[in-house]
Amino acid sequence: MLWTEFLFFFSALGVFNGILLVLYQFTIRKPNTTRDYLLGLLGLAFCIRVGISCIYYFQKIIPWTAVQIGLSAHVLIGPLLLAYMVYSWASLKKWRLPILRILIASSIVMLLFGLFFPFQAHPQIWDYHIRYTLHAILSCFLLFTALLLILNFPITDKSKSGTPPEQFSILVFIVSILICGGFALSLYVDYVLGPIISSALFYGALIYLGLRRKTQSSPIATPLKIPPKEANLLLTQLEEHLENTQVYRNPQLTITALAKELGWPKARLSHLLNSYLGLSFTSYINQFRIVEAKLLLQNQQLLTIEAIGYEVGFGSRSSFFATFKQQTGLTPKKFQETHLK
(Lines give C-alpha, C1' and ligand atoms only; values in the text may rest on other atoms or scores of the structure.)
Protein backbone atom coordinates (compact mmCIF):
# COMPACT_ATOMS: atom_id res chain seq x y z
CA MET A 1 0.00 0.00 0.00
CA LEU A 2 2.81 2.37 0.97
CA TRP A 3 4.68 1.53 -2.25
CA THR A 4 1.58 2.25 -4.34
CA GLU A 5 1.14 5.62 -2.67
CA PHE A 6 4.79 6.46 -3.31
CA LEU A 7 4.46 5.59 -7.01
CA PHE A 8 1.35 7.75 -7.28
CA PHE A 9 3.06 10.66 -5.52
CA PHE A 10 6.16 10.38 -7.71
CA SER A 11 4.12 10.22 -10.93
CA ALA A 12 1.72 13.00 -9.93
CA LEU A 13 4.58 15.27 -8.85
CA GLY A 14 6.25 14.83 -12.23
CA VAL A 15 3.03 15.78 -14.00
CA PHE A 16 2.51 18.80 -11.74
CA ASN A 17 6.03 20.09 -12.32
CA GLY A 18 5.64 19.47 -16.04
CA ILE A 19 2.52 21.64 -16.09
CA LEU A 20 4.42 24.39 -14.25
CA LEU A 21 7.14 24.26 -16.92
CA VAL A 22 4.56 24.52 -19.69
CA LEU A 23 2.99 27.54 -17.97
CA TYR A 24 6.44 29.08 -17.61
CA GLN A 25 7.11 28.49 -21.31
CA PHE A 26 3.91 30.26 -22.37
CA THR A 27 3.79 33.08 -19.79
CA ILE A 28 7.03 34.14 -18.13
CA ARG A 29 9.41 33.06 -20.90
CA LYS A 30 6.99 34.33 -23.58
CA PRO A 31 7.94 32.33 -26.71
CA ASN A 32 8.82 34.46 -29.73
CA THR A 33 9.40 31.73 -32.33
CA THR A 34 7.32 28.91 -33.76
CA ARG A 35 9.84 26.48 -32.28
CA ASP A 36 9.14 27.77 -28.76
CA TYR A 37 5.38 27.42 -29.22
CA LEU A 38 5.78 23.88 -30.55
CA LEU A 39 7.95 22.93 -27.57
CA GLY A 40 5.31 24.27 -25.18
CA LEU A 41 2.53 22.39 -26.98
CA LEU A 42 4.62 19.20 -26.99
CA GLY A 43 5.14 19.51 -23.24
CA LEU A 44 1.41 20.11 -22.76
CA ALA A 45 0.54 16.99 -24.79
CA PHE A 46 2.90 14.89 -22.64
CA CYS A 47 1.45 16.36 -19.42
CA ILE A 48 -2.10 15.54 -20.50
CA ARG A 49 -1.16 12.00 -21.57
CA VAL A 50 0.87 11.20 -18.47
CA GLY A 51 -1.52 12.93 -16.06
CA ILE A 52 -4.63 11.14 -17.26
CA SER A 53 -2.78 7.81 -17.34
CA CYS A 54 -1.65 8.39 -13.77
CA ILE A 55 -5.19 9.11 -12.53
CA TYR A 56 -6.62 6.24 -14.58
CA TYR A 57 -4.22 3.71 -13.07
CA PHE A 58 -4.31 4.76 -9.43
CA GLN A 59 -7.89 6.02 -9.01
CA LYS A 60 -9.67 3.64 -11.42
CA ILE A 61 -12.54 6.15 -11.71
CA ILE A 62 -12.21 8.73 -14.43
CA PRO A 63 -14.66 10.24 -16.96
CA TRP A 64 -14.51 8.61 -20.38
CA THR A 65 -14.09 12.05 -21.93
CA ALA A 66 -10.84 12.48 -19.98
CA VAL A 67 -9.55 9.16 -21.32
CA GLN A 68 -10.45 10.28 -24.83
CA ILE A 69 -8.54 13.55 -24.34
CA GLY A 70 -5.52 11.62 -23.07
CA LEU A 71 -5.45 9.30 -26.07
CA SER A 72 -5.94 12.23 -28.46
CA ALA A 73 -3.00 14.05 -26.87
CA HIS A 74 -1.00 10.84 -27.22
CA VAL A 75 -1.37 10.69 -31.00
CA LEU A 76 -0.60 14.42 -31.39
CA ILE A 77 2.77 13.91 -29.69
CA GLY A 78 4.13 12.49 -32.96
CA PRO A 79 3.24 15.44 -35.24
CA LEU A 80 4.24 17.95 -32.55
CA LEU A 81 7.64 16.33 -32.03
CA LEU A 82 8.25 16.13 -35.78
CA ALA A 83 7.30 19.79 -36.25
CA TYR A 84 9.50 20.86 -33.32
CA MET A 85 12.53 19.01 -34.71
CA VAL A 86 12.01 20.47 -38.19
CA TYR A 87 11.79 24.01 -36.80
CA SER A 88 14.91 23.42 -34.67
CA TRP A 89 17.22 22.40 -37.53
CA ALA A 90 18.17 24.91 -40.21
CA SER A 91 18.78 22.24 -42.87
CA LEU A 92 15.19 21.01 -42.50
CA LYS A 93 13.70 24.40 -43.35
CA LYS A 94 12.07 23.11 -46.54
CA TRP A 95 10.02 20.63 -44.48
CA ARG A 96 8.50 23.24 -42.18
CA LEU A 97 5.38 24.20 -44.12
CA PRO A 98 4.29 20.64 -45.07
CA ILE A 99 4.93 19.33 -41.56
CA LEU A 100 2.96 22.23 -40.06
CA ARG A 101 0.08 21.33 -42.37
CA ILE A 102 0.26 17.71 -41.23
CA LEU A 103 0.13 18.86 -37.61
CA ILE A 104 -2.93 21.03 -38.23
CA ALA A 105 -4.64 18.28 -40.24
CA SER A 106 -3.94 15.71 -37.50
CA SER A 107 -5.44 17.99 -34.87
CA ILE A 108 -8.58 18.56 -36.94
CA VAL A 109 -8.99 14.83 -37.67
CA MET A 110 -8.66 13.90 -33.98
CA LEU A 111 -11.14 16.61 -33.01
CA LEU A 112 -13.74 15.54 -35.57
CA PHE A 113 -13.27 11.85 -34.82
CA GLY A 114 -13.75 12.49 -31.13
CA LEU A 115 -16.91 14.50 -31.79
CA PHE A 116 -18.52 11.90 -34.06
CA PHE A 117 -17.23 8.81 -32.22
CA PRO A 118 -16.91 9.76 -28.53
CA PHE A 119 -15.36 7.32 -26.07
CA GLN A 120 -18.50 7.23 -23.96
CA ALA A 121 -20.58 5.93 -26.88
CA HIS A 122 -17.90 3.64 -28.33
CA PRO A 123 -15.77 2.44 -25.37
CA GLN A 124 -14.85 -0.92 -26.91
CA ILE A 125 -13.56 0.67 -30.12
CA TRP A 126 -11.52 3.26 -28.24
CA ASP A 127 -10.21 0.91 -25.57
CA TYR A 128 -8.79 -1.59 -28.01
CA HIS A 129 -8.74 -0.70 -31.71
CA ILE A 130 -8.14 3.03 -31.34
CA ARG A 131 -5.65 2.63 -28.49
CA TYR A 132 -3.37 0.31 -30.46
CA THR A 133 -3.87 2.26 -33.70
CA LEU A 134 -2.75 5.46 -31.98
CA HIS A 135 0.42 3.75 -30.74
CA ALA A 136 1.10 2.56 -34.29
CA ILE A 137 0.58 6.06 -35.74
CA LEU A 138 2.85 7.59 -33.09
CA SER A 139 5.53 4.97 -33.83
CA CYS A 140 5.40 5.90 -37.54
CA PHE A 141 5.93 9.57 -36.72
CA LEU A 142 8.84 8.75 -34.41
CA LEU A 143 10.50 6.54 -37.03
CA PHE A 144 10.04 9.18 -39.74
CA THR A 145 11.53 11.86 -37.47
CA ALA A 146 14.53 9.65 -36.68
CA LEU A 147 15.02 8.83 -40.37
CA LEU A 148 14.81 12.49 -41.31
CA LEU A 149 17.51 13.37 -38.79
CA ILE A 150 19.82 10.53 -39.86
CA LEU A 151 19.53 11.39 -43.56
CA ASN A 152 20.20 15.09 -43.05
CA PHE A 153 22.97 14.99 -40.44
CA PRO A 154 25.86 12.57 -40.95
CA ILE A 155 26.70 11.21 -37.51
CA THR A 156 30.29 10.58 -38.60
CA ASP A 157 31.05 14.29 -38.95
CA LYS A 158 32.14 15.15 -35.42
CA SER A 159 33.09 18.68 -36.40
CA LYS A 160 29.42 19.66 -36.70
CA SER A 161 28.12 19.89 -33.17
CA GLY A 162 25.03 21.87 -34.17
CA THR A 163 23.61 25.07 -32.75
CA PRO A 164 22.29 25.13 -29.16
CA PRO A 165 18.65 24.81 -30.34
CA GLU A 166 19.66 21.81 -32.47
CA GLN A 167 21.53 20.19 -29.59
CA PHE A 168 18.62 20.77 -27.21
CA SER A 169 16.18 19.30 -29.74
CA ILE A 170 18.17 16.05 -29.72
CA LEU A 171 17.67 15.82 -25.94
CA VAL A 172 13.94 16.46 -26.40
CA PHE A 173 13.80 13.77 -29.10
CA ILE A 174 15.57 11.16 -26.96
CA VAL A 175 13.37 11.85 -23.92
CA SER A 176 10.25 11.69 -26.10
CA ILE A 177 11.31 8.37 -27.61
CA LEU A 178 11.88 6.87 -24.15
CA ILE A 179 8.57 8.16 -22.77
CA CYS A 180 6.62 6.83 -25.75
CA GLY A 181 8.49 3.55 -25.48
CA GLY A 182 7.47 3.33 -21.84
CA PHE A 183 3.81 3.78 -22.74
CA ALA A 184 4.05 1.18 -25.50
CA LEU A 185 5.70 -1.27 -23.10
CA SER A 186 3.04 -0.58 -20.47
CA LEU A 187 0.43 -2.14 -22.78
CA TYR A 188 2.10 -5.52 -22.26
CA VAL A 189 3.68 -5.21 -18.79
CA ASP A 190 2.02 -2.81 -16.36
CA TYR A 191 0.13 0.37 -17.18
CA VAL A 192 1.87 2.28 -14.39
CA LEU A 193 5.14 1.93 -16.28
CA GLY A 194 4.29 4.85 -18.56
CA PRO A 195 3.78 7.51 -15.86
CA ILE A 196 6.75 6.25 -13.81
CA ILE A 197 9.18 6.35 -16.75
CA SER A 198 7.86 9.78 -17.78
CA SER A 199 8.45 11.28 -14.33
CA ALA A 200 11.89 9.70 -14.02
CA LEU A 201 12.96 11.03 -17.42
CA PHE A 202 11.52 14.45 -16.62
CA TYR A 203 13.65 14.80 -13.50
CA GLY A 204 16.66 13.27 -15.23
CA ALA A 205 16.43 15.84 -18.04
CA LEU A 206 16.09 18.68 -15.53
CA ILE A 207 19.19 17.53 -13.65
CA TYR A 208 21.14 17.25 -16.92
CA LEU A 209 20.10 20.71 -18.07
CA GLY A 210 20.88 22.20 -14.67
CA LEU A 211 24.38 20.71 -14.62
CA ARG A 212 24.97 21.74 -18.23
CA ARG A 213 23.90 25.34 -17.59
CA LYS A 214 26.15 25.49 -14.53
CA THR A 215 29.08 24.24 -16.61
CA GLN A 216 28.38 26.72 -19.41
CA SER A 217 28.22 29.64 -16.98
CA SER A 218 31.50 28.67 -15.30
CA PRO A 219 34.39 31.06 -16.12
CA ILE A 220 36.70 28.07 -16.50
CA ALA A 221 34.38 26.25 -18.92
CA THR A 222 33.82 29.34 -21.05
CA PRO A 223 37.10 31.21 -21.36
CA LEU A 224 36.91 34.68 -22.83
CA LYS A 225 39.53 33.93 -25.48
CA ILE A 226 38.00 31.91 -28.31
CA PRO A 227 40.25 29.94 -30.71
CA PRO A 228 39.85 31.01 -34.38
CA LYS A 229 38.43 27.64 -35.48
CA GLU A 230 35.82 27.68 -32.74
CA ALA A 231 35.04 31.34 -33.45
CA ASN A 232 34.27 30.57 -37.11
CA LEU A 233 31.89 27.81 -36.05
CA LEU A 234 30.19 30.06 -33.52
CA LEU A 235 29.81 32.87 -36.06
CA THR A 236 28.20 30.43 -38.49
CA GLN A 237 25.79 29.26 -35.81
CA LEU A 238 24.98 32.85 -34.90
CA GLU A 239 24.30 33.82 -38.50
CA GLU A 240 22.09 30.77 -39.08
CA HIS A 241 20.12 31.51 -35.93
CA LEU A 242 19.45 35.10 -36.96
CA GLU A 243 18.48 34.10 -40.51
CA ASN A 244 16.15 31.32 -39.35
CA THR A 245 14.43 33.15 -36.50
CA GLN A 246 14.65 36.72 -37.90
CA VAL A 247 14.83 37.85 -34.30
CA TYR A 248 16.66 40.98 -35.49
CA ARG A 249 13.23 42.29 -36.49
CA ASN A 250 12.56 42.91 -32.81
CA PRO A 251 13.57 46.55 -32.16
CA GLN A 252 13.93 45.70 -28.45
CA LEU A 253 16.45 42.92 -29.05
CA THR A 254 19.41 43.04 -26.64
CA ILE A 255 22.67 41.15 -26.53
CA THR A 256 21.54 39.52 -23.28
CA ALA A 257 18.34 38.21 -24.88
CA LEU A 258 20.14 36.90 -27.97
CA ALA A 259 22.83 35.20 -25.87
CA LYS A 260 20.08 33.51 -23.85
CA GLU A 261 18.43 32.21 -27.03
CA LEU A 262 21.75 30.79 -28.20
CA GLY A 263 22.57 29.31 -24.82
CA TRP A 264 25.82 31.31 -24.64
CA PRO A 265 27.20 33.53 -21.89
CA LYS A 266 26.76 37.19 -22.76
CA ALA A 267 30.54 37.74 -22.48
CA ARG A 268 31.21 35.11 -25.16
CA LEU A 269 28.85 36.72 -27.67
CA SER A 270 30.24 40.17 -26.97
CA HIS A 271 33.84 38.99 -27.28
CA LEU A 272 33.03 37.14 -30.52
CA LEU A 273 31.60 40.24 -32.18
CA ASN A 274 34.17 42.70 -30.88
CA SER A 275 37.33 40.64 -31.37
CA TYR A 276 36.60 38.71 -34.57
CA LEU A 277 34.31 41.10 -36.44
CA GLY A 278 35.27 44.41 -34.89
CA LEU A 279 31.60 45.28 -34.51
CA SER A 280 29.35 46.26 -31.66
CA PHE A 281 26.19 44.25 -31.08
CA THR A 282 24.00 46.99 -32.59
CA SER A 283 26.17 47.33 -35.69
CA TYR A 284 26.15 43.59 -36.28
CA ILE A 285 22.36 43.30 -35.94
CA ASN A 286 21.84 46.34 -38.17
CA GLN A 287 23.68 44.56 -40.97
CA PHE A 288 20.91 41.93 -41.09
CA ARG A 289 18.25 44.63 -40.95
CA ILE A 290 19.78 46.55 -43.85
CA VAL A 291 20.09 43.39 -45.98
CA GLU A 292 16.39 42.69 -45.56
CA ALA A 293 15.50 46.37 -46.02
CA LYS A 294 17.28 46.37 -49.39
CA LEU A 295 15.28 43.33 -50.50
CA LEU A 296 12.02 44.97 -49.46
CA LEU A 297 12.92 48.22 -51.17
CA GLN A 298 13.53 46.30 -54.38
CA ASN A 299 10.47 44.05 -54.27
CA GLN A 300 7.85 45.49 -51.89
CA GLN A 301 5.92 48.37 -53.43
CA LEU A 302 3.00 48.36 -50.97
CA LEU A 303 5.01 49.53 -47.97
CA THR A 304 6.35 53.03 -47.50
CA ILE A 305 10.06 53.49 -46.91
CA GLU A 306 9.40 54.34 -43.26
CA ALA A 307 7.25 51.22 -42.85
CA ILE A 308 10.06 49.07 -44.26
CA GLY A 309 12.41 50.47 -41.64
CA TYR A 310 10.04 49.51 -38.85
CA GLU A 311 9.38 46.13 -40.49
CA VAL A 312 13.04 45.08 -40.38
CA GLY A 313 13.54 46.13 -36.77
CA PHE A 314 14.54 49.79 -36.58
CA GLY A 315 12.92 51.71 -33.78
CA SER A 316 12.75 55.06 -35.58
CA ARG A 317 12.84 56.60 -39.05
CA SER A 318 16.00 58.57 -38.31
CA SER A 319 18.01 55.55 -37.17
CA PHE A 320 16.91 53.59 -40.26
CA PHE A 321 17.89 56.35 -42.69
CA ALA A 322 21.21 57.05 -40.95
CA THR A 323 22.21 53.38 -40.76
CA PHE A 324 21.13 52.66 -44.34
CA LYS A 325 23.19 55.52 -45.74
CA GLN A 326 26.18 54.59 -43.60
CA GLN A 327 26.20 51.02 -44.92
CA THR A 328 25.21 51.63 -48.56
CA GLY A 329 26.22 55.22 -49.26
CA LEU A 330 22.69 55.96 -50.42
CA THR A 331 19.48 57.00 -48.77
CA PRO A 332 16.70 54.39 -48.86
CA LYS A 333 14.73 56.47 -51.36
CA LYS A 334 17.75 56.90 -53.66
CA PHE A 335 18.50 53.19 -53.44
CA GLN A 336 14.91 52.36 -54.39
CA GLU A 337 14.89 54.81 -57.27
CA THR A 338 18.18 53.45 -58.59
CA HIS A 339 16.87 49.91 -58.51
CA LEU A 340 13.55 50.80 -60.17
CA LYS A 341 15.41 52.35 -63.06
With a/c under 1.5 counting as rounded, go ahead and sort the stretch 241-341 into rounded, prolate or oblate using the C-alpha gyration tensor (a ≥ b ≥ c being the square roots of the eigenvalues; past the cut-off, prolate if a/b is larger than b/c, else oblate).
prolate
Which residues does the label zone of residue 236 cover in the stretch 65-93, counting backbone N under 17 Å from a point 7 Å along Cα→Cβ?
89-93
Tell me, what HN-Hα J-couplings in whole Hz come from the Karplus equation 6.51 cos²θ - 1.76 cosθ + 1.60 at θ = phi - 60° for each residue of the stretch 289-298, using x for Gly and Pro?
5, 5, 4, 6, 4, 5, 5, 5, 5, 7
Compute the length gained on full extension between residue 229 and residue 140: take 0.36 nm times their separation in residues and subtract their Cα-Cα distance, giving the result in nm to one decimal.
28.1 nm
In nm, to one decimal, how far is the residue 267 label point from the residue 337 one, both placed 7 Å along Cα→Cβ?
5.1
By how many nm would the segment from residue 64 to residue 254 lengthen if fully extended, with 0.36 nm per residue of separation less the alpha-carbon distance?
63.5 nm
Between residue 279 and residue 113, what is the FRET efficiency for a Förster distance of 45 Å, r being their Cβ-Cβ separation, to the nearest 0.05?
0.25
What do you get for Rg/Rh over the stretch 275-333 if you use C-alpha atoms and the Kirkwood form of Rh?
0.98
Computed lengthening from residue 132 to residue 34, 0.36 nm per intervening residue step minus Cα-Cα distance
32.2 nm
Sort out for me the Cα centre separation of the stretch 166-180 from the stretch 77-114, rounded to whole Å.
16
Solvent-accessible area per residue for the stretch 238-309 (1.4 angstrom probe, square angstrom)
48
Between their Cα atoms, which of 94/325; 93/260; 229/266 are more than 24 Å away from each other?
94/325
Could you sort 266, 294 by accessible area so the largest value comes first, with the probe set to 1.4 Å?
266, 294
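The values are calculated or read from the model by the stated rules, or taken from the named source; none is laboratory data. Quantities reported herein were computed from a predicted structural model and do not represent experimental measurements. So basically every Cβ, Gly included, is an ideal-geometry build from the backbone, and we count neighbours across all protein chains shown. Quick note on the areas: whole protein, heavy atoms, side chains included, nothing else; ligands and nucleic acids left out. Shrake-Rupley method; radii C 1.70, N 1.55, O 1.52, S 1.80 Å.
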